[in-house]
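Data block below; observations after.
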Amino acid sequence: MTSQIPETTQAAPTPGNGTAAPARLALRRVLIDTYHENVAYMHRDCDVYRAEGFKALSKVEVRANGTSILATLNVVDDQSIVACGELGLAKAAFAQMGVEDGHTVTVAQAEPPESIGALHRKLGGERLNLDDFKAIVQDIAEHHYSKIELTAFVVATNRDELDREEVYFLTEAMIGVGRHLNWHESLVVDKHCIGGIPGNRTSMLIVPIVAAHGMLCPKTSSRAITSPAGTADTMEVLANVQLPIDQLEDIVRAHRGCLAWGGTANLSPADDVLISVERPLSLDSPGQMVASILSKKISAGSSHLVLDIPIGPTAKVRSMPEAQRLRRLFEYVARRMKLSLDVVITDGRQPIGSGIGPVLEARDVMRVLENDPRAPIDLRQKALRLAGRLIECDPDVRGGDGFAIARDILDSGRALTKMNDIIRAQGSKGFDHNQPGLGALTFDIPAPRAGMVTGIDNIQLARIASLAGAPKVKQAGVDLFHKLGDEVQAGAPLYRVHASFGADLEFARQACKKSIGYAIGNVADMPHAFVEF
C-alpha cells in the first residue's frame, strides 16, 4: 500500500543555513521477487550512500510524484544490478511507485513505524489493546515493517503469547485494513480446514455441492504455505484462480460459488505479508491461525462457516484436549465477530485421497465429481459430511438431513455440472483426469515387510511431495497406493513419487532414504481415530 504525501523540495545546502537538499537518484527496476517486502538497492560507491550514512538493512523512504514507500536497503558492489547514481527497487516496490525506469526519485532515512513502540512492548511480554494491534497491522499492511521486524512480531505472538481477547483484537485489526465484500444476502456459507493433512481437497467438492443446492459460497483460498498444495494451487490445474474482484463477484452471482485465490481480492493484506514470514519459519500459532482464517472469512462476507480441525499423530493438532482448546478460541472470536461457526473434529491420521500434489489432487477431485469407481472413498465421504453440515445452515433443511441431500446432489451429477460451470466461468485449463500429465520422472517405494499399514506420516509424505517439486511444479507429487488398514506384501509398492526435474527427484529420493513415512505392523499398532461424524 502506498501513501500520497506531498513531495517537498528543500533548498540546496548553503553555508550557514543548515539545510540539505534531498538525495536524488535515477530509479531502476530490479527483477528480483522479494515476496511482500519492499527492498531497495544502492551501490556502495554511490555518493548518496556515503553522504547519508546509509547501511545495509537500513530503512529508507523513497518518493516520486507525491508517492512515498518505505523499503529495506540492500547494498551492492555489482554495477550490473544498480550503478552509482541509481536507486534500484525490487519488483513489488517498483510497482507501487507507479513511475518508469529512469524517473528521478528522492531517498532519505526513514522514520521508524509509529507502531514500533507497541511491538517492543509485546516483545517485552506486555498485553496489547485494540489500538495497539490496529497500529501494528496498519504498518504491516503498508509494508512499513522489515522482514526482521515482521519476524519479531510473529515470534512475539507465537503459541500462548496472545490471550483470547488479544486474538480478537488482532482479528479485528486485520479485517480493518482489507477489502470487505457484501453479497447482500443473509446466508453466505464457507468451509475451511486448518491444514496439515495432505490431499485434503474437500473444498473443491463442497463448493459445487452447496452451490448446486442454491447456497452462496464464495470460496477464496490461499496458496500452499508449508504444504505441497493448497486449494488455489489445485484449482489452478483446472481453471484460472487469479481473478479481478469484479469478475469474481460476477461469477459468484451467476453460479452461486467460485474457487479463487484470495490474494487478488485483498481481503486481509496484512495476513498475506505475515504468511511470507510464517512460511519459511513453519510457524502456525493458534492465535495467528484464528485471526488469519476468521479475518479472511468475515472480509469475504461469510455469515456461516464450517471449520475442519483434523486430529492425528502427525497432524497440526495431535490430541482431543488441544483440539477443544483451539475450538473454544475459534468460537470465542467468531461469536465476538457475529459469525456463525460450526467446528468439526475429523480424522487426521493420514492423507485424504490418493494423491499429494496439485495435478494428483485435481485428478482425485474430478474422479469424485464424476462418480468414477477409482475415486477415493475417504475424500468423497469427508466432503459429503462437511457439505451436509453447511447445507443444514439452510433454514429449510431439517437437522440431520444435510448428508443425504449432499449425496443426492453428487450422485445425480448436479455437483459435476456446477463445477464445470464454475471452471468455464473462471477460464478452463482443459484438464483431463484420465490423462493428467504427471511428472515423467518416477520411483516407487516398496513395503519393507509384509503386514498391515498402521501409520502414515503426514509431515514426511508432504515433505517428499514438496521436495519432488510440488506445488510450484504442478505435475509433481506422491501417488498413494495404500492407506491405513491395508494388508501389503513385502516389496509391494506403497506409493510412487513423480517429478519433472532430475534434481527434484533426487531430493525426494534422499528424503525417502531417511524415512518412507509408512509404518507396517498389525492391527494393535493402529492409532486411535478422533472423529465427530
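Each reported figure results from applying straightforward, stated rules to the coordinates on display, with no laboratory input. What you see is a predicted model, and the numbers here were worked out from it, not measured in a lab. Every residue, glycine as well, gets a Cβ built from its backbone with ideal geometry; the counts of neighbours run over all protein chains shown.
Apply the a/c threshold of 1.5 to the C-alpha gyration tensor of the range 189-426 and tell me whether it is rounded, prolate or oblate. Note, shape of the range 189-426 comes out rounded. With neighbours defined as other Cβ atoms within 10 Å of a residue's Cβ, the residues Tyr41, Tyr332 order from fewest to most as Tyr332, Tyr41.
Overall shape: oblate for the range 116-176, with the ratio a/c of the largest to smallest alpha carbon gyration tensor axis at 1.5 or above and b/c at least equal to a/b.
As a rough footprinting exposure proxy, the listed residues Ile445, Ile309 were ranked by other beta carbons within 10 Å of their own, and the order from fewest upward is Ile445, Ile309. Basic side chains Lys and Arg get +1 at the Cβ, acidic Asp and Glu get -1 at the Cβ, and with that the dipole of the chain about its Cα centre reaches some 860 debye.
In the chain, with Lys and Arg counted as +1 and Asp and Glu as -1 at Cβ, which of these residues, Gln489, Leu369, Asn420, has the Cα nearest the positive end of the dipole, that is, farthest along it? With unit charges placed on the Cβ atoms, the residue in question is Gln489. Once the Cα atoms are used to define both axes, helix 414-426 deviates from the longest principal axis of the chain by about 20 degrees. With an a/c value of 1.5 or above and a/b larger than b/c for the gyration tensor axes a ≥ b ≥ c computed over the alpha-carbon atoms, the chain is described as prolate.
Close amide H contacts of Ala239 (hydrogens built in the peptide plane, cut-off under 5 Å, sequence separation of 5 or more or a different chain): Lys429. Helix 203-213: angle to the longest alpha-carbon principal axis of the chain, degrees 0 to 90, nearest 10? That helix lies at roughly 70 degrees to the long axis.
When +1 charges are put on Lys and Arg Cβ atoms and -1 charges on Asp and Glu Cβ atoms, the dipole computed for the range 189-426 relative to its Cα centre reaches about 440 debye. Of all lysines in the structure, those lying under 16 Å Cα to Cα from Lys483, and not within fewer than 8 positions of it along the same chain, are Lys382. Going from the fewest other Cβ atoms within 10 Å to the most, the residues Glu114, Glu506, Glu236 appear in the order Glu114, Glu506, Glu236. For the residue pairs Lys297/Lys472; Lys147/Lys513; Lys418/Lys474; Lys219/Lys429; Lys122/Lys219; Lys91/Lys338, alpha carbon separations beyond 29 Å are given by Lys147/Lys513; Lys122/Lys219; Lys91/Lys338.
Between 0 and 90 degrees, the angle of helix 269-281 with respect to the longest Cα principal axis of the chain falls at about 70 degrees.
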